[in-house]
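Take a look at the structure below.
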Amino acid sequence: MKKGKLVSVIALCLLITGCGIKNSSAVSGNENVVTNEPTQISEDNSISEAAENASISNNADSDNDTKTTDEAKLKLSHNEMLNYNGYMDAVNENWFGTKYELSDYDGDGINDRVYREASFSDSDKKSEGLVPDKVSFRIDFGNGDSLELGTFDDTFLGIKILGADLTGDGNNEIIFLGHHDAMTEPESYSEIAVFQRTGTKYEKMSLPAPVNDTSGDTYLVGYPIYAKNDTDSKITLFSDYADYEETIQIERTDYNHDERYQDNDLISSYAWGTGTEQYGDKTALVLYQRIGGRDYYKNNLKIVLVWQDGEFKPVKMETVDKHYEW
């Protein structure tokens, strides 16, 4: 199954106004090293300088600094947001679906911040006001540690970050979700990763990769789900990775009335959403995958994974009425 690269309404608007857009494709991974001196990213434009002036202190003792009002934050246009280099909590805007606020991801009682950097392969693109080629993120933890995320080719990428103790060792893992808000079908796939601190660095934990994906994107996650017994009104889903088989109702339209999956056809492989929930006495990782397209079946597949014997294992799969939220 291949990833769909879909043109968005946002992208079309930028093209009409003279701004170029680059399709999202492969991701180059970085080593995620914890340091006590976070990497300094150069800021050579007025927006970045303003971001520093409007930035919110990480110092837990400077309580007044952490209570900056929305009126004191930066107000950026859509294009300025795409080109923005700085801390995301310093901007009074929704970041492509995410209203970004200060959070304590590692659970040490000190607020952590997320730095965004947009980059260009050609300096002329920046001066011409074009869309950046790449975007990356960095979590600057309140204790002085840092975690690099990306680089990503989709500069419209909106992100969500969670902290939760998934392994039961008393320390929070960092859950990263990069959602492609500019896509017309954002439930096609997302960038997903879980990081665990081991010694002096954060390491990406092993999660299932989509079947037959050749993009080289190391942030793609998903379980292969297959179909059988596809009829006018029902289809059976099953997975070899878990004790899962479910027969679901199909809402056929004139568009897909004659579409049929053959037995053992791959019907789902890419996760678009993630989160956590309680499973017994453990905090479980949750993935959401689309089933056959929104026009084919209205619900999505929910996969619950629990950390067992040094790996994430699927313990429950079911279809649920859960969809991407803009």
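Computed from the coordinates by the stated procedures, all read-outs in this text should not be read as laboratory data. Note that the structure is a prediction, hence the values are computed from the model and not measured. A quick note on method: Cβ atoms are made from the backbone with ideal geometry, for glycine too, and the neighbour counts reach across all protein chains shown.
The figures follow:
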item: Residue (of Thr283, Asn299, Ile248) at the positive-pole extreme of the range 225-320, dipole from beta-carbon charges; result: Thr283
item: Cα gyration tensor shape of the range 225-320, rounded if a/c is under 1.5, else prolate or oblate by comparing a/b with b/c; result: prolate
item: Thr283, Thr253 arranged by Cβ crowding within 10 Å, fewest neighbours leading; result: Thr253, Thr283
item: Between the range 182-240 and the range 93-127, the alpha-carbon center distance in angstrom; result: 24
item: The range 191-260: mean projected area of Cα convex hull, nm²; result: 7.1
item: Taking Tyr270, Tyr279 and counting other C-beta atoms within 10 Å, the order from fewest to most; result: Tyr279, Tyr270
